[in-house]
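Step one of this worksheet: look at the structure below.
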Amino acid sequence: MKGYPLQCYPARCPQAAAIMMMIMNNLDPAVAQFPHELVTYGGNGSVFSNWAQFHLTMHYLSQMTMEQTLAMYSGHPLGLFPSHADAPRVVVTNGMTVFNYSSRADYERMYALGVSQFGQMTAGSYCYIGPQGIVHGTTLTLLNASRKYLKSAVRAPVFVTSGLGGMSGAQPKAGVIAGCVTVVAEVCEAAARKRFSQGWVNEILTDVDEVITRIRQCRERGHSHSIAYLGNIVSLWERLADEPQNLVDLGSDQTSLHNPYMGGYFPVQISYEEANVMMTADPVQFKALVQESLRRQVNAINRLAARGMAFWDYGNSFLLEASRAGAEILKPDGQTFRYPSYVEDIMGDVFSLGFGPFRWVCTSNELSDLRCTDRIAGEICERLAAACPSDNALKRQQYEDNQTWIRAAESHNLVVGAAARILYSDAEGRRLIAAALNEAIANGTLKGPVILSRDHHDVSGTDSPFRETCSVADGSRFCADMAVQNFAGLSCRGATWISLHNGGGTGWGEAVNGGFGLLLDGSPDAARRADSMLRWDVTNGVARRAWSRNPHAERTIVDCMQQDPLLKVTMPEHVDDEVLESL
């Protein structure tokens with residue numbers, strides 16, 4: 001099982017073949033977390049609920065014409081329906097429920113019945129490209145966190161976190177790229193060995209005292225390095241907290257706490273093997289152990305934070321589940337968390353500028369094609385950086401970070417599965433890159449078509465009050481209009497396929513998110529679709545953030561309106577604080 005070159009698929013139209021390729025790439029054992037169970041990442045992020053659905057979907061795609069659309073209901077292929085060439089070839093929904101029936105218990109019941117599934121983000125939308133998809137975002141998070149939290153220059157700051165799964169496995173690679181000494185705890189030996197064999201982590205250690213020694217050595221040498229600690233993250237945090245010297249500069253967590261009681265989090269009190277038995281044999285006791293373990297973890301983090309470590313929630317529901325467990329995670333007001341979400345404190349302004357995880361897949365599967373796309377994207381990033389106004393320092397910094405990323409991407413050996421690349425880009429960058437790639441296909445520079453996509457964790461793709469939209473400060477962070485509007489808008493602007501999901505990294509019921517795929521084939525029609533769709537896909541979210549009075553978003557959307565006379569956005573009127581205070 002893997003994503004084969006486009007011409008290998010027995011399809012009647014290239015759009016259907018592109019979707020078949022991406023489905024199989026999502027289930028490639030080198031890419032997927034539990035491929036035989038049709039789970040791509042995140043513990044339960046499903047492409048389908050059963051293999052019958054996979055085979056029937058592939059059959060429908062092999063028969064599809066440009067006058068048909070396949071409706072996918074939470075993994076179930078409802079059928080091919082008449083449509084037209086400009087309609088999406090596939091419309092995917094995952095986990096859509098009536099609002100009052102979206103609890104964790106509802107999910108478990110509906111999943112057991114086979115009537116719904118948790119598509120995570122890019123698992124259920126067929127757009128996952130392996131941990132590379134989050135390496136770039138994690139690299140940017142660490143670079144921006146270091147700039148914000150570390151007041152003086154720190155050579156090789158120490159970053160401690162957990163998880164080496166489908167998404168979290170990106171952390172050690174990103175840490176090295178960002179110049180950190182990165183220590184990642186992982187309880188599953190198979191996951192740690194997989195990342196080590198892929199070159200995503202430099203070494204594996206099993207003794208916590210040895211980990212402490214290696215941290216000291218790396219700090220003294222000032223060299224970036226990554227360590228997988230094969231053990232429980234709570235044991236590591238508690239050992240670090242007991243050290244007389246604070247050894248940690250930056251801290252986070254990427255255990256799958258959107259699903260804490262069914263394999264997303266392993267309590268420190270028992271072994272990995274014992275936990276796998278207890279979670280089904282004695283779920284009440286297992287839940288109690290998980291919550292006790294979370295309380296211990298937070299206590300250790302609090303001790304280190306008091307001594308100068310900067311900690312953030314990585315959008316995995318760590319703060320939420322810790323609060324539910326009764327951990328000391330709230331500020332004295334009893335309402336707000338002690339620690340920020342990384343979007344709230346680090347990446348929120350980046351989204352407000354319109355930058356997010358744009359990506360593409362070379363359907364030839366040739367690394368020479370991918371190398372060519374890297375060169376094209378790098379040249380565009382360089383031009384945009386040079387043209388960026390000198391008074392927009394944050395935007396210029398993003399362009400410069402992107403140049404550094406794309407020029408070194410091949411050397412970091414990031415490709416797992418299909419020949420894919422990710423690049424945080426804004427609307428202008430995405431449109432220019434898409435146009436240049438389409439031209440390269442048309443003139444034969446590239447050997448085959450290119451699939452455009454993005455992570456749902458993007459400017460407009462996700463409404464999630466504890467992650468993507470936690471920095472939206474007008475009271476609307478619990479509203480899902482943006483993600484739903486984005487899904488609908490993509491359908492009428494030329495997307496090859498679209499998706500809308502309940503849940504995401506923060507879990508079922510905690511987010512609404514969507515994504516797309518678009519096939520570039522070198523035609524004028526593909527160029528038209530890309531230009532229209534990519535404008536909407538970014539400016540929708542920037543406009544929403546501008547209305548919530550984010551200054552970066554306000555400036556960005558004004559620039560967008562100046563570039564496109566058809567774009568008219570409702571802008572906020574700012575109230576004078578003195579007037580409010582006088583009332």
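The values are calculated or read from the model by the stated rules, or taken from the named source; none is laboratory data. Owing to the predicted nature of the structure, the values given are computational and were not obtained by experimental measurement. All Cβ positions, glycine included, derive from the backbone under ideal geometry; neighbour counts span all protein chains shown. Just the protein is used for accessible areas: all its heavy atoms, side chains included, with ligands, DNA and RNA removed. Shrake-Rupley method; radii C 1.70, N 1.55, O 1.52, S 1.80 Å.
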Checklist entry - Checking Ser453 against (1) modelled with pLDDT of 95 or more; (2) polar (S, T, N, Q); (3) open to solvent by 10 Å² or more (accessible area, probe 1.4 Å), which single condition isn't satisfied? => result (3)
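Answer with yes or no whether Thr373 is among the polar types (S, T, N, Q), in a helix (DSSP H, G or I) and open to solvent by less than 20 Å² (accessible area, probe 1.4 Å). Can you show your working first?
Numbers: among the polar types (S, T, N, Q): yes; in a helix (DSSP H, G or I): yes; open to solvent by less than 20 Å² (accessible area, probe 1.4 Å): yes.
Here the answer is yes, as Thr373 does meet what is asked.
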Item to check | Count of residues meeting criterion [within 17 Å of the chain's Cα centre (by Cα) and not acidic (Asp, Glu)] in region 348-368 | outcome: 12
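Looking only at region 329-347, count how many residues are within 22 Å of the chain's Cα centre (by Cα) and open to solvent by 60 Å² or more (accessible area, probe 1.4 Å).
Pass one, region 329-347, residues within 22 Å of the chain's Cα centre (by Cα): 339-347.
This time we only want the ones that are open to solvent by 60 Å² or more (accessible area, probe 1.4 Å), so: 344.
Going through region 329-347 one residue at a time, the tally reaches 1.
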Checklist outcome for this item: Inside region 544-574, the number of residues satisfying the requirement of being within 18 Å of Cys479 (Cα to Cα) and open to solvent by less than 20 Å² (accessible area, probe 1.4 Å) is 3
Next on the checklist: So the check is Cβ under 8 Å with 6+ separation or different chains; which pairs have a first residue in region 472-488 that's at negative phi and a second one that's at pLDDT 95 or above and among the acidic types (Asp, Glu)?
Outcome noted: Asn486/Asp537
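Got at least one residue in region 481-490 being assigned to a loop (DSSP other than H, G, I, E, B) and open to solvent by less than 40 Å² (accessible area, probe 1.4 Å)?
Narrowing region 481-490 to residues assigned to a loop (DSSP other than H, G, I, E, B): none.
No.
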Next on the checklist: Out of everything in region 48-64 that is crowded, with 20+ Cβ neighbours inside 10 Å and aliphatic (A, V, I, L, M), what residue ends up being farthest from Asp28 (Cα to Cα)?
Outcome noted: Met64
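Give the residue that is most open to solvent (accessible area, probe 1.4 Å), with candidates limited to residues of region 415-448 that are among the basic types (Lys, Arg) and over 19 Å from Lys2 (Cβ atoms).
Within region 415-448, the first condition is being among the basic types (Lys, Arg), and the residues that meet it are 421, 430-431, 447.
Add one more test, that the residue is over 19 Å from Lys2 (Cβ atoms), and what stays is 430-431.
Values: Arg430: 1, Arg431: 54 Å².
So the residue we want is Arg431.
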Item to check | Filter result for the condition that a residue is free of Cβ contacts under 8 Å to residues at least 40 places away in the same chain, polar (S, T, N, Q) and either under 30 Å from Thr539 (Cα atoms) or in contact with a strand residue (DSSP E or B) (Cβ under 7 Å, 6 or more places away or on another chain) (or both), over Ser323, Ser352 | outcome: Ser323
Next on the checklist: Can you tell me which residue is modelled with the lowest pLDDT among those in region 192-216 that are touching a Leu at 6+ places or on another chain (Cβ under 8 Å) and open to solvent by 20 Å² or more (accessible area, probe 1.4 Å)?
Outcome noted: Lys194
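Take Ile380 and decide whether it is open to solvent by less than 10 Å² (accessible area, probe 1.4 Å), in a helix (DSSP H, G or I) and over 30 Å from Pro14 (Cβ atoms). Let's see the steps before the verdict.
Working: open to solvent by less than 10 Å² (accessible area, probe 1.4 Å): yes; in a helix (DSSP H, G or I): yes; over 30 Å from Pro14 (Cβ atoms): no.
So Ile380 fails the test.
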Checklist entry - Mind checking whether some residue in region 276-298 is touching a residue at least 60 places away in the same chain (Cβ under 8 Å), surrounded by fewer than 17 Cβ atoms within 10 Å (Cβ to Cβ) and out of contact with any Asp or Glu (no Cβ under 6 Å at 6 or more places or on another chain)? => result no
Checklist outcome for this item: Picking from Glu67, Glu108, the residue that is closer than 20 Å to Ile498 by Cα, open to solvent by 70 Å² or more (accessible area, probe 1.4 Å) and among the charged types (D, E, K, R) would be Glu67
Checklist entry - So Gly541 fits all but one of (1) surrounded by fewer than 24 Cβ atoms within 10 Å (Cβ to Cβ); (2) within 22 Å of Ser471 (Cβ to Cβ); what number is the exception? => result (1)
Checklist entry - When region 167-185 is examined, which residues are found to be in a loop (DSSP other than H, G, I, E, B) and open to solvent by less than 10 Å² (accessible area, probe 1.4 Å)? => result Cys180
